[in-house]
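The values are calculated or read from the model by the stated rules, or taken from the named source; none is laboratory data. Computed from a predicted model, the values in this text were never measured in an experiment. Note that we place each Cβ from the backbone using ideal geometry, even for glycine, and neighbour counts take in every protein chain shown.
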Amino acid sequence: MKYTEEAHQKYVVQYFNLKYPHLEGLLYHIPNGQNVGVRAGYRLKKAGLVSGLPDLHIAIPTNEHPGLYIEMKSEKGRCTLRQSKMQAILRSVGYRVEVCHSWIEARDVIDDYLKGYVHEVDEKAGTELY
């Protein structure tokens, strides 16, 4: 079945929250692909919006990476030049970056990534962070 990029992304978020409820909120969408007017675009850029960032970020460090970025694309979707450049920059500073063309592909990437997540304890509070 063919889904839109947005539908795939919704399934990814739903899957993550169901499988990893203790990590809820650590996978989030970066809303940089929205079409807004010139004035709103200017304000957003001044407020820190960066074009080309991947759609999803998992803010969980592993032994190999400080986090995971996922660019969601439809089955035939391709990255723009700006997206490819941003992915290269993120990789160069240690992040894992993947382009996924289905929610199932993204699910498999997430599960593989989280096999090595760093599970720390907050000594001050005496409770687990994750």
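A quick yes/no check of all residues on (1) touching a residue at least 12 places away in the same chain (Cβ under 8 Å); (2) among the acidic types (Asp, Glu); (3) on the phi > 0 side of the Ramachandran plot:
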| residue | (1), (2), (3) |
| --- | --- |
| Glu24 | no, yes, no |
| Tyr28 | yes, no, no |
| Lys45 | no, no, no |
| Leu56 | yes, no, no |
| Glu71 | yes, yes, no |
| Gly77 | yes, no, no |
| Arg91 | no, no, no |
| Gly94 | yes, no, yes |
| Glu98 | yes, yes, no |
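If the condition is being within 18 Å of Tyr28 (Cα to Cα) and either basic (Lys, Arg) or over 15 Å from the mean Cα position of the chain (by Cα) (or both), then segment 67-96 contributes Lys73, Arg96.
Within the set Glu5, Glu64, Glu24, the sole residue that is in contact with an Asp or Glu (Cβ under 9 Å, 6 or more places away or on another chain) and among the acidic types (Asp, Glu) turns out to be Glu5. Say we look at segment 48-101 and pick out the residues that are of a type in the set (Ser, Thr, Tyr) and in contact with a helix residue (DSSP H, G or I) (Cβ under 6 Å, 6 or more places away or on another chain); which of these is surrounded by the fewest Cβ atoms within 10 Å (Cβ to Cβ)? Here the answer is Ser51.
Of all residues in segment 55-108, those satisfying the criterion of being of a type in the set (Asp, Glu) and over 12 Å from Glu5 (Cβ atoms) are Glu64, Glu98, Glu105, Asp108.
One residue stands out among those in segment 1-28 that are in a loop (DSSP other than H, G, I, E, B) and within 16 Å of Lys76 (Cβ to Cβ): the one that is modelled with the lowest pLDDT, which is Met1.
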